[in-house]
């Protein structure tokens, strides 16, 4: 079988298998293989680089060797280093899962791969309250959201509370945005039950308890979702958006080439940028920094790695990467170093 045919079979037999890969992962794999394996691109820069290496899609699997792939990897690296790494990882996994024979030609030692900068930014203990204040604005008289504030600042209240929920729970965006009221359990031990997480296949953790501030955010939504027609959280009982914690106002509207089919908020990026400016944060931050911010501030308060791993739904090894974001211990260690000799006390002369 040629590589191209094998990948097409892989798409049908492996990628689309129930619970095998997330839709976003499948999209990423196809977007990588499209130009670099199938040469399905109009980008002249990519095509010029591919013209200098062998066309692997027409090579039999048994004839592909590490040198052939290394040449392709280097061609991709000169255009997009991160994409080259993804290409290698996706092909390596394809071979292990689908071909399943020794001598995987798509293996490259880590020291020869392109360096990737890990995103580590977070809101510290001074920045976090400022941003939360910009996200959650209550009318003290009614105890409800102050919609005039959101209107005056051109902010989407639903996106704002979604972002506040991310900061108070440490959940990933796709996990929180798609939550329904059926996944939320109230009472003495408030918690949410996720359908799946990025790591649930490994640790099978799907239930996460909520802290007081996360519960307060959901209670703010509850006050308006059923009895305030002017609220963006309110929808008719037969509207499918009614079951979502963070419903989308764009559902059914014409956006781009078609109608919006997503029932919940999907991308609060524009709101996030605006709120950061309101909170006095000048640097650009990805939405994923909400998870880093939760983890870092949790670690600062508790220094409990096991509890942090439990809150994030990861292993302790993964949680330790978040713990390393906070440099207090490092600074304390630096400050304990004696860079100068202690001055000896001057003895008074006795006449």
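Computed from the coordinates by the stated procedures, all read-outs in this text should not be read as laboratory data. These numbers come from a predicted model, not from an experiment. As a convention, Cβ positions derive from the backbone with ideal geometry for all residues, glycine included, and neighbour counts pool all protein chains shown.
Brief remarks on what is shown
- Residue among 153, 242, 297 with the largest mean-square fluctuation in a Gaussian network model of the chain, springs linking Cα atoms under 10 Å: 153
- If you look at the Cα atoms of region 56-140, you get an Rg and a Dmax of 21.6, 72 Å.
- Taken over the Cα atoms of region 54-99, the convex hull encloses 69 Å³ per residue.
- Ranked 68, 285, criterion: other C-beta atoms within 10 Å, fewest first: 68, 285
- Convex hull volume per residue for region 183-292, taking Cα atoms only, in Å³: 174
- Orientation-averaged projected area, Cα convex hull of region 3-112 (nm²): 6.8
- Mean Cα-pair separation over length for the chain, i.e. relative contact order, pairs under 8 Å, 6 or more apart, %: 15
- For the chain, alpha-carbon Rg and Dmax in angstrom: 25.9, 102
- Calculated translational diffusion coefficient of region 127-327 (20 °C, 1.002 mPa s; Stokes-Einstein with Kirkwood radius over alpha-carbon pairs) equals 121 µm²/s.
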